[in-house]
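Trainee: Could you have a look at this structure, given as structure tokens, before my questions?
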Amino acid sequence: MSSSIRFLMCAPDHYDVDYVINPWMEGNIHKSSRDRAVEQWQKLFHVLKEQAVVDLVQPQPGVPDMVFTANAGLVLGDTVVLSRFFHKERQGEEPFFKQWFESKGYTVHELPKDLPFEGAGDALLDREGRWLWAGYGFRSELDSHPYLAKWLDIEVLSLRLMDERFYHLDTCFCPLSGGYLLYYPPAFDSYSNRLIEMRVPAEKRIAIKEADAVNFACNAVNIDSVVVMNKASEDLKARLTKLGFQVIETPLTEFLKAGGAAKCLTLRVTEPVREEVHASTPVESRAVRMEGHLLDSGLINRALDAIVENGGSFQVLNFSLGEQRQSTSSAEVKVTAPSRDVMEEIISQLIDLGAVPRPQEVCDVNMEPVHQAGVAPDDFYVTTIYPTEVRVNCEWVKVQNQRMDGAIAVTFNSGSPVARCKLLRDLEVGEHVIVGIEGIRTIRKTESREQRNKQEFSFMSAGVSSERRVELVVEQVAWELRQVRDQGGKVVVTAGPVVIHTGGGEHLSQLIRQGYVQALLGGNAIAVHDIEQNMMGTSLGVDMKRGVAVQGGHRHHLKVINTIRRYGSIAKAVEQGVLQSGVMYECVRNNVPFCLAGSIRDDGPLPDTEMDLIKAQTEYARLLQGADMILMLSSMLHSIGVGNMTAAGVKMVCVDINPAVVTKLSDRGSVESVGVVTDVGLFLSLLVQQLDKLTSPYHLVQV
Ligand code: ARG
């Protein structure tokens, strides 16, 4: 017996499942047997007494979970950090534990109120004393970890818990002597798993299966080579034995009903301090400011959710709520993250939401030179669709060519900085690329109070009313098309072959003829089927008037391709009078530029189809410049490509019969995109009708 080791336990005199604060307690209220609980507890007590000294704290009525002394606090040397329970049901235990520690002469530290931390349930010392593993996510707050590092002068490694069944770190994680670790990896997020793998070499990691995890095998008490637990599978026992451990099983089923087992029922109160280890906490924090209709637009919820979903935690430092409907609110939020990487991920998402550093924390961007053409430095800032500014030499510079998934390259033009969004492949040696998250802000209109556009319009889903909703969008789109045209603006259409198959070709042709379209983007197929329809009356061999397959029709599109190839281009075929109607014909006749981007499945292709994809992307981007509105007509691939090239602020209308496509395309986190789930042929016919109706008798527009 190592007499220097002591544990604290609390007899189950008042133990019961009285409330539900974890999933194990559900359905178990008053279902545990007091007699059996006492018997099981006694057994554990005796097992431990063989190995160590067990101190007892007086059980108290009204706090049934006080048996779980692991949650009393966290001890290191003669210092203890008292628990602050997350649930009010357990807060009543705090004074009794405090009293016990004080009576034993510990230096007691208490966390600020509202900063929960549940003691050794959520903080486990490496058994070699090298560092402290600390859990967060359910009960303890990440912000408590820096306090632990400070008061206990030890390095704290934060682990994020993801599975509510394993709400305390000690339910799924158990450091063992000799540097071993017994744990259940799926209980943690991937960042935490990586951290564990970095600190504990593979041969020392004993990952367990779910079947053992739900028997609380990780909730074990380890004293030298002895491991005491509720139950372990034969396989796990064999593995532990092989590594030199002696497994002692002692049933604790009555306590499992409250979500605890061996480790929870004990607190090791002798934890030697290693003089050479000192505090260090990778936990970082930073404060940001947000302004706007934070509540109406849901911006603040999104920001706070983004922090938590990515594994950080927050403290709202101040929030000033706008008094009137039109007054904006502002908030300052302190963000804490377990590491630099996580912090960067969180902050870049907050930047997208318009968050800026507090004035006192504003600083210049960090840049690194490009050493290899077409390759950015690691950690480069990935751009979004939102207008962005970067701070170089103490001034904010607007980023040009805003688009998503690029890097920001900075060059100096006779001393003054120029910042540009560039694709990775376009980066040149000698340019400087922005890395990290410092000195970057996106400009959100503070006046916007709209929520992210989540509505979709569907003919299919909800009968008559949704039909009316499609009509409403059509009315709105027609109105805007009209405005853009009359003001000399630019509308770009991306279209897939479905436009032709669904009979939309003639309507799109009309839109082009009437000056509503300034550029057309698509692939080989839309052009082929449009030309097939106009030269042969079929679309993919189907007679467009009768809707039936034509004898030999499957060869039609190849014949058409062959004909255009003979003339050299679509324009030449039009010139020669071979092609006399249709979408491509109207483009040529009305000088509407188009770009057909090729793909692996293209037949032919048409001479106009650009098979060099990089050239096609460049041409798409060129044609999109200055667009006021983009109509995306049933072409997922080309539309997504276009979406990626386009900065926020351009109105997008996405029409597709497949709701998943519409959701994907219109989910840009901004108001300017509208999704319409409907047949594209039908949509175009309604649109053309509505435009005809709009022709005002007062100012007749020349068409
Ligand atoms: N019913 C208790 C709770 O939910 C169980 C605590 C178990 N303790 C532990 N260290 N995991 O708080």
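Trainee: Along each principal axis of its Cα atoms, how long is region 569-651 end to end? Whole angstroms, biggest number first, please.
Mentor: Reported extents, whole Å, longest axis first: 42, 29, 22.
Trainee: May I ask which of LYS88/LYS209; LYS49/LYS150; LYS204/LYS237 have a Cα-Cα span longer than 22 Å here?
Mentor: Values: LYS88/LYS209 33 Å; LYS49/LYS150 33 Å; LYS204/LYS237 15 Å.
Where the Cα-Cα span goes over 22 Å, the pairs concerned are LYS88/LYS209; LYS49/LYS150.
Trainee: Once the Cα atoms of region 6-268 are picked out, what are the Rg and Dmax in Å?
Mentor: Final numbers for Rg and Dmax: 16.8, 46 Å.
Trainee: State the Kirkwood hydrodynamic radius of region 470-695 in Å, one decimal place, computed from all pairs of distinct Cα atoms. Before the final figure, lay out the partial values.
Mentor: Values: mean 1/r = 0.0572 Å⁻¹.
Computed over Cα pairs of region 470-695, the Kirkwood hydrodynamic radius comes out at 17.5 Å.
Trainee: By the scheme Lys and Arg +1, Asp and Glu -1, what is the net charge of all other residues having a beta-carbon under 15 Å from that of SER32? Before the final figure, lay out each step's value.
Mentor: Numbers: positive: LYS31, ARG34, ARG36, LYS257; negative: ASP13, ASP16, ASP18, GLU26, ASP35, GLU39, ASP65, GLU254.
Taking every other residue near SER32 into account, the sum is -4.
Trainee: Where the centroid of each part is defined by its Cα atoms, how far is region 378-425 from region 579-620 in Å?
Mentor: 32
Trainee: A further question on this structure: What is the Rg over Rh value, at two decimals, for region 282-361, using alpha-carbon atoms and the Kirkwood definition of Rh? Display every interim value, and only then the final one.
Mentor: Details: Rg = 12.3 Å, Rh = 12.6 Å.
Rg/Rh: 0.98.
Trainee: Report, as a whole number in µm² per second, the diffusion coefficient that Stokes-Einstein gives for region 362-450 at 20 °C and 1.002 mPa s using the Kirkwood radius over alpha carbon pairs. All intermediate terms of the calculation are to be shown ahead of the outcome.
Mentor: Details: Rh = 13.1 Å.
For the chosen part, D equals 163 µm²/s.
Trainee: What's the center-to-center distance, using Cα atoms, between region 275-332 and region 1-69 in Å?
Mentor: 40
Trainee: Then there is this: So if I take the centroid of the Cα atoms in region 496-513 and the same for region 178-251, what is the distance between those two points in Å?
Mentor: Cα centres, region 496-513 to region 178-251: 64 Å.
Trainee: So if I average 1/r over every pair of distinct C-alpha atoms in region 1-54 and take the inverse, what Kirkwood radius in Å does that give? All intermediate terms of the calculation are to be shown ahead of the outcome.
Mentor: On the way: mean 1/r = 0.0782 Å⁻¹.
Hydrodynamic radius (Kirkwood, Cα pairs) of region 1-54 is 12.8 Å.
Trainee: Excluding same-chain residues fewer than 8 positions from LYS242, which aspartates and glutamates have a Cα within less than 14 Å of its Cα?
Mentor: Straight-distance partners of LYS242: GLU203, GLU234.
Trainee: I want to check the label-to-label distance for VAL578 and ALA660. Put each point 7 Å from Cα in the C-beta direction and report it in nm to one decimal.
Mentor: Taking the simple label geometry, VAL578 and ALA660 are separated by 3.9 nm.
Trainee: So what are region 224-281's ellipsoid semi-axes, whole angstrom, largest first, if each one is the square root of 5 times an eigenvalue of the alpha-carbon gyration tensor? Let's see the in-between values first.
Mentor: Numbers: eigenvalues 143, 71, 21 Å².
Semi-axes from the Cα gyration tensor: 27, 19, 10 Å.
Trainee: Moving to a separate point now. Given just the C-alpha atoms of region 159-312, how large is their convex hull per residue in cubic angstrom?
Mentor: In region 159-312, the Cα hull volume divided by residue count equals 156 Å³.
Trainee: Quick check: residue separation of ARG589 and GLU210 times 0.36 nm, minus the Cα distance between them. What number comes out in nm?
Mentor: Values: separation 379, 0.36 × 379 = 136.44 nm, distance 6.78 nm.
Length gained between ARG589 and GLU210: 129.7 nm.
Trainee: Work out, in µm²/s and without decimals, the Stokes-Einstein translational diffusion coefficient of the chain at 37 °C, 0.692 mPa s, Rh from Kirkwood over C-alpha pairs.
Mentor: Translational D for this selection: 109 µm²/s.
Trainee: Here's something else I'd like to know. Take the Cβ-Cβ distance between SER225 and ARG274 as r, set R0 to 22 Å, and report the resulting FRET efficiency rounded to the nearest 0.05. Mind showing how you got there, number by number?
Mentor: Numbers: r = 20 Å, r/R0 = 0.93.
Given R0 = 22 Å and the Cβ-Cβ separation, E is 0.60.
Trainee: Using only the Cα atoms of region 304-448, what do you get for the radius of gyration and for Dmax, in Å?
Mentor: Cα only, region 304-448: 16.3, 54 Å (Rg, Dmax).
Trainee: Could I ask something else about it? So which of LYS31/LYS104; LYS98/LYS257; LYS231/LYS257 end up more than 24 Å apart by C-alpha?
Mentor: Values: LYS31/LYS104 36 Å; LYS98/LYS257 27 Å; LYS231/LYS257 15 Å.
Beyond 24 Å: LYS31/LYS104; LYS98/LYS257.
Trainee: Which lysines have a Cα lying under 28 Å from the Cα of LYS398, excluding residues fewer than 8 positions away in the same chain?
Mentor: LYS334, LYS422, LYS445, LYS490, LYS615, LYS651
Readers should treat all values here as calculations from the given coordinates under stated rules, not as data from a laboratory. This one's a predicted model, so the numbers in the text were calculated from it and none came from an experiment. Heads up, the Cβs are rebuilt from the backbone with ideal geometry, glycines too, and the neighbour counts pull from every protein chain shown.
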